[in-house]
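Chemist: Can you keep this structure in mind? I'll have questions shortly.
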Amino acid sequence: MLTLVLADCTIRPTAEKINHKQSEPHIVHVILLLANNSILATEHELRTIIHTRDNNVFTIEPDVDIPIRLSEFEDMIIKCAQGIGPNGIKYEKKTLMEALDQERGTRVVMSPKGIRKDPRNTMSRVEDYVVVVGGFTGGDFISPVYPWADQVISISDKILKPWTVTSEVIYSYMHSSLE
């Protein structure tokens, strides 16, 4: 099982709307569309956790249908934060580290600060992995993920967008060794 954790996202749901002046909901939206429509999701081998900088945690099971339209996705996130979201999404108020401490598997952080490796050569389909990807387009993690990690991996010499890193992680796990 692969647990994909999108950490330190800048998405701020209020009771009625997403605060667009302090949010980038499109990042989370694109990644959830990618993740929940992947082959791993259809095989129930992928679960996604979204953590916001305001310590909102959304655990999304692989069979949740993510709306294609951004406005409908934002409505879904607002409803989840109000406790009335769809089945398959659990909302909690907690830190990233509290959420990560509940997960089991090899702990990997994807970061340009990591050791350059091909994730396909470091993962195996017979093991569980918790892979943390930054849910932001600039800067670094504000949560203390580096001491938590078993491995910090970089997949490129360039700074990549979160959806690119996510697609590489999903692809790498999908095509990693079955031994």
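Chemist: Mind checking whether some residue in the range 6-23 is touching a Lys or Arg at 6+ places or on another chain (Cβ under 6 Å), modelled with pLDDT of 95 or more and acidic (Asp, Glu)?
Modeler: Yes, some residue in the range 6-23 is touching a Lys or Arg at 6+ places or on another chain (Cβ under 6 Å), modelled with pLDDT of 95 or more and acidic (Asp, Glu).
Chemist: Only one of (1) of a type in the set (A, V, I, L, M); (2) farther than 17 Å from residue 29 by Cβ; (3) in contact with a His (Cβ under 8 Å, 6 or more places away or on another chain); (4) without any contact (Cβ under 8 Å) to a residue 40 or more places away in the chain is not met by residue 84, so which one is it?
Modeler: (3)
Chemist: Let me confirm something: among 66, 84, 27, 78, which residue is surrounded by 13 or more Cβ atoms within 10 Å (Cβ to Cβ), among the hydrophobic types (A, V, I, L, M, F, W, C), at negative phi and part of a loop (DSSP other than H, G, I, E, B)? Steps first, please.
Modeler: Numbers: 84 fails: surrounded by 13 or more Cβ atoms within 10 Å (Cβ to Cβ); 27 fails: part of a loop (DSSP other than H, G, I, E, B); 78 fails: part of a loop (DSSP other than H, G, I, E, B).
Result of the check over 66, 84, 27, 78: 66.
Chemist: I would also like to ask the following. Pull out all pairs, ordered by first then second residue, where Cβ-Cβ is under 6 Å, the residues are six or more apart or on different chains, the first lies in the range 42-70 and is within 19 Å of residue 23 (Cβ to Cβ), and the second is crowded, with 21+ Cβ neighbours inside 10 Å and of a type in the set (Phe, Trp, Tyr).
Modeler: Here the result reads 50/58, each pair linking the range 42-70 to a residue that is crowded, with 21+ Cβ neighbours inside 10 Å and of a type in the set (Phe, Trp, Tyr).
Chemist: Continuing with this model, one more query. Which one is farthest from residue 111 (Cα to Cα), of the residues in the range 134-148 that are surrounded by 14 or more Cβ atoms within 10 Å (Cβ to Cβ) and among the small types (Gly, Ala, Ser)?
Modeler: Restricting to residues being surrounded by 14 or more Cβ atoms within 10 Å (Cβ to Cβ) and among the small types (Gly, Ala, Ser), the top hit is 143.
Here's the yes/no breakdown for (1) surrounded by fewer than 23 Cβ atoms within 10 Å (Cβ to Cβ); (2) out of contact with any His (no Cβ under 8 Å at 6 or more places or on another chain):
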| position | (1), (2) |
| --- | --- |
| 5 | no, no |
| 17 | yes, yes |
| 21 | yes, yes |
| 35 | no, yes |
| 53 | yes, yes |
| 56 | yes, yes |
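The values are calculated or read from the model by the stated rules, or taken from the named source; none is laboratory data. Treat the numbers as computed from the prediction; the structure is a model and nothing was measured. Cβ atoms come from the backbone with ideal geometry, glycine included; neighbour counts cover every protein chain shown.
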